[in-house]
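Notes to accompany the following structure.
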Amino acid sequence: MSRSLRLNRLLQLLRRHRRPVRGQLLADTLGISLRTLYRDIATLQQQGADLRGEAGIGYLLQPADTLPPLTLPPAEIDALVLGLRWVASRADPGLAEAARDALARIGHALPTERRQQLQTSGLRVGPARPMEAVVATSLQVVREAIGSQQRVDIGYRDLAGCLSQRTVWPFALAYFDEVPMLAAWCELRGGFRHFRLDRIESAQAQDSRYPTPRSALLTRWQREQGITPDWLDRC
């Protein structure tokens, strides 16, 4: 892990705590020595982070260290909290971590009254029905390939149990309670196909990007499926 990445990770860890956190816990979480942690803390303080520490108590990052103050009405705060908590409990480890970091970052940028509303929000994400076995690494590979518009080689087992090797162009991922579903153009079938993530036994992103823009694939797929564009497409 590079030092810049480690410093950013340290900030994110501190944002998640509303009370002082001991240096040893921070060091253990980051996989570094206490001496290195002390140097990183000093660097962040020199860069302007309002980071306060007390011997035997721990370190506490004061709010609004990077983002400008945000003024969000209560309903928008509730929507953010609920949405990010859902992602943190349902998505792959990488996206779940990003959701927790985003919630902590937003909390630090809110004015005091709004921050209190975020921290004490009564909206919670209930337990989902047991999700079928999904390989977390495959889910992350597919999700990241959608963002980078890369071809992905997958090993897919159909309902009858037959395993086939496919090269697909992933462009949409739907998170259902039971199992995420991937929408992709399948080179083997020459058309749009839907893949249950619990039946993808292997996934490896290629270095090459697929030739058709993701937005064009999504539009064609929505038209073929008779799907109404969501609000993001209408903005």
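The values are calculated or read from the model by the stated rules, or taken from the named source; none is laboratory data. Quick caveat, the model's predicted, so the values are computed rather than measured. Cβ: placed from backbone, ideal geometry, glycine included. Neighbour counts: every protein chain shown. Surface accessibility is based on the protein's heavy atoms, side chains included, excluding ligands, DNA and RNA. Shrake-Rupley method; radii C 1.70, N 1.55, O 1.52, S 1.80 Å.
Scanning the stretch 205-224 for residues that are assigned to a strand (DSSP E or B) and touching a Ser or Thr at 6+ places or on another chain (Cβ under 9 Å), which turns out surrounded by the fewest Cβ atoms within 10 Å (Cβ to Cβ)? Only one residue tops the list, namely Q206. Hey, can you tell me all the residues within the stretch 8-22 that are under 15 Å from D101 (Cβ atoms) and either in contact (Cβ under 8 Å) with a residue 60 or more places away in the chain or not in a helix (DSSP H, G or I) (or both)? Across the stretch 8-22, the qualifying residues are Q12, R15, R16, H17. Filtered by the rule that a residue be over 25 Å from A99 (Cβ atoms) and not in a helix (DSSP H, G or I), the stretch 23-43 gives a lone residue, S33. Here V87, V141 are screened, and the one residue that is under 30 Å from R18 (Cβ atoms) and open to solvent by 30 Å² or more (accessible area, probe 1.4 Å) is V87.
Here T120 passes the criteria (1) surrounded by 15 or more Cβ atoms within 10 Å (Cβ to Cβ); (2) closer than 24 Å to L11 by Cα; (3) hydroxyl-bearing (S, T, Y) except the one numbered (1).
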